[in-house]
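Novice: Here's a structure for you.
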Amino acid sequence: MKEFKVQPIRNGTVIDHIDSGKALDVLKILNIDETVKSTVSVIMHVQSAKNEYKDIVKVEDKELNPKQLQKIALIAPHATINIIRDYEVVKKSAVKAPERVVGIVRCANPNCITNARTELDTYEPVEPEFIVESVNPLKLRCVYCDRELDDPEKHLI
Ligand code: CTP
Ligand code: ZN
């Protein structure tokens, strides 16, 4: 008999094998705040089978969009995305960081073209773009100003 620390869900998405400590970043990526309208369960620092710790986030009645999946791949490279329908896992996939990310992380360099402002004080229409040099540890280099981004998880758009 399987033991569940948190109740299984009927429908929705379970993001499992999140690197321990990253669940709160995942909640941010999913825009989960006090206005949330789906049931969300967060389990932090649970022992995973491989004798390591992990976090889990379960969001009922929701699936993730491609940008959210890319962001999760960057900050939680071991995560699996489980789609649940009628209590069954109908799809399981590992996240995979792309070689380049466009429009999901902002450059920290104030002089970068991607941070330039127009007269109307909106951003110039240059989407931030980074080369993913490594995932573990996460290293992103701006395509436009060539700077490596410190603390990329703090610069998610
Ligand atoms: N889960 C859930 N509700 C369900 C079914 C599964 O919350 N109705 C959760 C499980 O608790 C687990 C994740 O979804 O965290 C994946 O489920 P499953 O594939 O059954 O678990 P494992 O085989 O342990 O997954 P893995 O091999 O990916 O570790
Ligand atoms: Zn830049």
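Novice: GluC sites (Glu not before Pro) within the stretch 63-157: which are DSSP loop residues with at most 14 other Cβ atoms inside 10 Å?
Specialist: Answer by residue number: Glu63, Glu99, Glu119.
Novice: Taking the Kirkwood radius as the inverse of the mean 1/r across Cα pairs, report the Rg/Rh of the stretch 6-63.
Specialist: 0.97
Novice: As a footprinting exposure proxy, order Lys139, Lys92, Lys54 by other Cβ within 10 Å, with the fewest listed first.
Specialist: Fewest-to-most ranking of Lys139, Lys92, Lys54: Lys92, Lys139, Lys54.
Novice: Additional query: Around Gly103, what is the net charge, scoring Lys/Arg as +1 and Asp/Glu as -1 over all other residues with Cβ under 13 Å from its Cβ?
Specialist: The answer is +2.
Novice: Continuing with the same structure: Give me the compactness ratio for the chain, meaning the Cα radius of gyration over 2.2 N^0.38 Å. It would help to have the intermediate numbers written out before the result.
Specialist: On the way: Rg = 17.4 Å, N = 157, 2.2 N^0.38 = 15.0 Å.
Compactness ratio reported: 1.16.
Novice: Calculate for the chain the 222 nm mean residue ellipticity that helices alone would give, adding -39,500 (n - 2.57) per DSSP H run of length 4 or more and normalising by residue count, nearest 500 deg cm²/dmol.
Specialist: Mean residue ellipticity, 222 nm, calculated: -3000 deg cm²/dmol.
Novice: Also, I was wondering about something else. What ranking do Ile29, Ile131 get, fewest neighbouring Cβ atoms within 10 angstrom at the top? Intermediate values should be presented prior to the final figure.
Specialist: On the way: Ile29 24, Ile131 14.
Listing Ile29, Ile131 from fewest to most nearby Cβ atoms yields Ile131, Ile29.
Novice: Using the Cβ atoms and a cut-off under 11 Å, what net charge is assigned to the surroundings of Gln70, where Lys and Arg are +1 and Asp and Glu are -1?
Specialist: Working: positive: Lys67, Lys71, Lys96, Arg100; negative: none.
Taking every Cβ under 11 Å from that of Gln70, the sum is +4.
Novice: Another question, if that's okay. Would you mind ranking Ile81, Ile9, Ile157 by Cβ crowding within 10 Å, fewest neighbours first?
Specialist: Listed from fewest to most nearby Cβ atoms, that is Ile157, Ile9, Ile81.
Novice: Which whole-number percentage describes the relative contact order of the stretch 46-157, with Cα contacts under 8 Å and a sequence gap of 6 or more?
Specialist: It comes to 20 percent, rounded to a whole number.
Throughout, read-outs are computed from the coordinates displayed, never taken from laboratory work. Values in this document were obtained by computation on a predicted structure and should not be read as measured data. A quick note on method: Cβ atoms are made from the backbone with ideal geometry, for glycine too, and the neighbour counts reach across all protein chains shown.
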